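Structure first, commentary second.
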Amino acid sequence: MGVFKAAAVQMRSGESPERNAVDLERLVREAAGLGATYIQTPEMTGALVRDKEARAASFTSEDKDIIVSTARKLARELGIFLHIGSTAILRADGKLANRAMLFAPDGATIASYDKIHMFDVDLDNGESWRESAAYEPGTEAVVAEIGGAKLGFAVCYDLRFPQLFRAEALAGADLLSVPAAFTRQTGEAHWHVLLRARAIENGAYLVAAAQGGLHEDGRETYGHSLIVDPWGRIVAEAAHDQPAVIVAEIDPAQSLAARRKIPNLKNAREFSINAGEAPRLRGAAS
């Protein structure tokens, strides 16, 4: 298992897939120029569109999507593994998927993953999101080979569900991914600690390419793309919300070493839970 360079591409996707494809190409070429052979882009690379009607008009099927065709071309030309963190894809049944895709150095699609956990939340600052109103959730976790490593897929809100990452680590993933469009509020509160925790818990590298800044549709995302090593150390960060590229070396042997030091994947045990009612205090009202 050899050492390779991974890159996280931080973007500020707008409402036009065509303009975003231009930004995608520029940033991916920059990352490849820095020696990265695995390059990850953020959630919703293709477009961030809040209006329902505009969103429906912006997205199309995978075979017609400009982000897909641009990514396929770049992967083949640059000889890289290109991971589109996600983009909105119109499924055959007419529903939208928040879909991640991984392209091989020959341009072929290695794997795709539809985001499982939908961001349906009401935040303290008045922000309210109902991702399930626009997208159909996925039902399958995915692990794929990328040269000397095994890559586990996730997207944004999936980060808050550690069982997904544990299942992928047990399936052999030594590199985890969390492309995201975290809101500024939730990013400031939880982004760094959750990413480091998922890496530590699973003894795996973690690459998280993020959206950042104020977008055309009015939302504000946190940025701060990260690469974390299996010991939980941040080895690269875009410490801001501007478009950027960060690069770090990935050594799969370090994942194996971390798992030998703290063999929690092996030490896990099955257990039951007793959630019976607590006894009443004497004299408590009935």
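The values are calculated or read from the model by the stated rules, or taken from the named source; none is laboratory data. It should be emphasised that the depicted structure is a prediction, and the values quoted were computed from it without experimental measurement. Glycine also receives a Cβ, built like all others from the backbone with ideal geometry; neighbour counts cover every protein chain displayed. To get the accessible areas, we keep the full protein, side chains included, count just its heavy atoms, and leave off ligands, DNA and RNA. Shrake-Rupley method; radii C 1.70, N 1.55, O 1.52, S 1.80 Å.
Observations
- VAL9 farther than 22 Å from ASP241 by Cα and either crowded, with 24+ Cβ neighbours inside 10 Å or among the β-branched types (Val, Ile, Thr) (or both): no
- Among the residues of this structure, THR70 counts as one that is within 20 Å of the chain's Cα centre (by Cα) and more than 14 Å from PRO179 (Cα to Cα).
- Looking across region 177-189, the residues that are surrounded by fewer than 24 Cβ atoms within 10 Å (Cβ to Cβ) and either within 18 Å of ALA8 (Cα to Cα) or of a type outside the set (Lys, Arg) (or both) come down to THR183, GLN185, THR186, GLY187, GLU188, ALA189.
- VAL49 β-branched (Val, Ile, Thr) and under 19 Å from TYR157 (Cα atoms): yes
- Residues of region 28-43 classified as within 19 Å of the chain's Cα centre (by Cα) and surrounded by 21 or more Cβ atoms within 10 Å (Cβ to Cβ), total: 9
- Verdict on GLY46 being open to solvent by less than 60 Å² (accessible area, probe 1.4 Å) and out of contact with any Leu (no Cβ under 9 Å at 6 or more places or on another chain): no
- Checking every residue in region 211-230 against the condition of being touching a residue at least 12 places away in the same chain (Cβ under 8 Å), surrounded by fewer than 21 Cβ atoms within 10 Å (Cβ to Cβ) and more than 21 Å from THR45 (Cβ to Cβ) gives zero matches.
- Strands (runs of 3 or more DSSP E) wholly inside region 60-176 containing at least 2 residues that are open to solvent by less than 60 Å² (accessible area, probe 1.4 Å) and within 23 Å of GLU201 (Cα to Cα): 143-146, 149-152
- Lone unmet requirement of (1) under 18 Å from ARG259 (Cβ atoms); (2) outside any strand (DSSP E or B); (3) in contact with a helix residue (DSSP H, G or I) (Cβ under 6 Å, 6 or more places away or on another chain) for ALA197: (3)
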